Amino acid sequence: MEKVLPLEHDLKASLAAFRRELQRFLTGKEAMADTVVASLISGGHVLLEDVPGVGKTTFIKALAQYLGLAMKRVQFTSDLLPSDIIGAQIYDQEEKVFTFHEGPIFTNILLADELNRASPKTQSALLEAMGERAVTVDRKTRKLPAPFFVVAAQNPSDHMGTFPIPESQLDRFAIKIKLDYPSAEKELQIFSQALLNPLSQIEEGILMKDQLVRIQIAVDQIHVSNEVGKCVQAVVDRSRDHSQIQLGISTRGGVQWVRLAKGIALLEGREYVTPDDLIAVAEHCLMHRMIFHNGQTELVLQDLLQSMDI
């Protein structure tokens, strides 16, 4: 019999409510909702990519409302500067000193809308801060608040006015998901309620800051056996010499995969990761980390997962 992770009752209830509400918001995409929850409770950043008008921004705003955390939103444009995000030293004429003014990145959740419309220099400033969870201005490093997440949305790279995010920087996102068009039933519901604010019925602050921090500590304590580690290593190694893959999975990508699987294990009430946890998040965690020679990407992923000795 599986041993249930001893989370306090309030954490179990709040996490279950957050999971349930996100699944309800993403009707018919429960597995995707669980992957998003696993990313957040394991400290990972989230990237959404899809055509305009399918609800990326609405989803991000809903996510922020569910979480009782400080949130700021930045609309990325081609003229946005790094200092517009991280902040800058501004001269105080009265005091005759330079004072650092924090940018919107000093928050718990940064909603980065249309990230790939910003210049590569501005993208780089954000993505470096994501990796370090700190910013450096005038040789002084300032830590960002904890917890800190970036939930970013981008349009497909073939849309006009976009700057593709380099693979090395995409690697900083724990998951990349596509919302796709809603089902016919869901879309009919949207049309019939076109004048209603979809965020008006969302309960705010289901999962609070102190609860999320405690849950993240619990995720860190999830056990990963040598057997599971060997499964990860087999897939990572196979991706680097596969005939259909130009760029394979990095070491950081493998670590992110394990952390996501630990998040799934906690959601299922277990103290340990199984190969099934890895498989559950593989598509959203691994696909954006690889460059393929042709379009048969899903088949290649299935081939990689078969490398796992289970």
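Read-outs: derived from the displayed coordinates by stated rules, not from any lab. Please read these numbers as outputs of a predicted model, since none were measured by experiment. Cβ coordinates were reconstructed from backbone atoms using ideal geometry, including for glycine residues, and neighbour counts include every protein chain displayed.
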Only helices counted: for the chain, with every DSSP H run of 4 or more residues adding -39500 (n - 2.57) and the sum spread over all residues, [θ] at 222 nm is -13500 deg cm²/dmol
If you plug each phi of the stretch 168-179 into the Karplus form 6.51 cos²θ - 1.76 cosθ + 1.60 with θ = phi - 60°, what whole-Hz ³J(HN,Hα) values come out, in order, with x for Gly and Pro?
5, 8, 4, 4, 7, 7, 5, 9, 10, 10, 10, 6
Could you derive backbone 3J(HN,Hα) for the stretch 256-270 from the dihedral phi with the Karplus parameters 6.51, -1.76 and 1.60 (θ = phi - 60°), listing whole Hz in sequence and x where the residue is Gly or Pro?
4, 4, 5, 5, 5, 5, 5, x, 5, 4, 5, 4, 8, x, 10
Give me the distance in nm between label points sitting 7 Å out from Cα along the Cα-to-Cβ direction at His9 and Glu298, one decimal.
4.5 nm
Between Gln75 and Glu227, with labels modelled 7 Å along Cα→Cβ, what's the label distance in nm to one decimal, could you check?
5.4 nm
Ile217, Ile279 arranged by Cβ crowding within 10 Å, fewest neighbours leading
Ile217, Ile279
Take Cys285, Cys231 and order them by how many other Cβ atoms sit within 10 Å, fewest up front.
Cys231, Cys285
The answer for Leu247, listing residues at least 5 apart or on another chain whose modeled amide H is closer than 5 Å to its amide H, is Ile291
Express the C-alpha Rg of the stretch 222-310 as a ratio against the empirical globular expectation 2.2 N^0.38 Å, rounded to two decimals.
1.04
Antiparallel content of DSSP bridges confined to the chain, in %, to 5
40 percent
Ranked by GNM mean-square fluctuation in the chain (Cα springs under 10 Å), the top entry among Asp34, Asp113, Asp92 is Asp92
Over the stretch 11-143, what lengths in whole Å, largest first, do the semi-axes of the equivalent ellipsoid take, defined as the square roots of 5 times the eigenvalues of the alpha-carbon gyration tensor?
32, 17, 12
Aspartates and glutamates with Cα under 13 Å of Lys72, excluding same-chain neighbours fewer than 8 positions away
Asp84, Glu102, Asp113
Near the amide H of Arg73, under 5 Å away, which other amide H atoms are found, from residues 5 or more places off or on another chain, if H is placed in the peptide plane?
Leu111
Taking H as built 1.01 Å from N, whose amide H comes closer than 5 Å to the amide H of Arg133, not counting residues under 5 places away?
none
So if I take the alpha carbon set of the chain, get Rg, then get Rh from the Kirkwood formula, what is the Rg over Rh ratio?
0.98
What is the order of Asp241, Asp180, fewest Cβ neighbours within 10 Å to most?
Asp241, Asp180
Remind me, relative contact order of the chain in percent, using alpha carbon pairs under 8 angstrom and six or more residues apart?
24 percent
